Amino acid sequence: MANKRDQNYLFQPLTGMILDDQARLSLEELCEICDISAETILAMIEEGLLEPQGRRPPEWRFRCYEVRRVQVALRLQQDLRVNLPGAALIIDLLEELEELRRRLG
């Protein structure tokens, strides 16, 4: 039988946000959703991991799929200790593989 702590864990509600593919996020919104600093986002932009639309940070808009790129990069850094350039390369290769599978499938 599961202990009380495990029972509480099993029944905690899920929370999240559903994003429309057409929606665009500001820098502040992306930081909030991914729970990271603007400096981290800037580093990801410099590494080519993210490509905001707009000329300056207050005007930047990010596509919703970039939330996933940020989350995957963070997981690679935290779980596998991959540096940011390595994470960017891995994510690009994973997306390329996904696209090839879609074409074949």
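Net charge in the neighbourhood of Leu50 (other residues with Cβ under 14 Å of its Cβ; Lys, Arg +1, Asp, Glu -1) is -3. Of the peptides 45-58, 64-77, 91-104, 21-34, the order by per-residue mean of other Cβ atoms within 10 Å, starting with the highest, comes out as 64-77, 21-34, 45-58, 91-104.
Using a Debye calculation, one point per C-alpha and no hydration shell, please list log10 I(q)/I(0) for segment 20-104 at q = 0.12, 0.19, 0.21 Å⁻¹ in order. Result of the Debye calculation: -0.36, -0.85, -1.01.
Only the coordinates and a few stated rules stand behind these numbers; no lab work does. Please read all numbers here as calculations on a predicted model, not as lab measurements. Methodologically, a virtual Cβ is constructed for each residue, glycine included, from the backbone with ideal geometry; neighbour enumeration extends over all protein chains shown.
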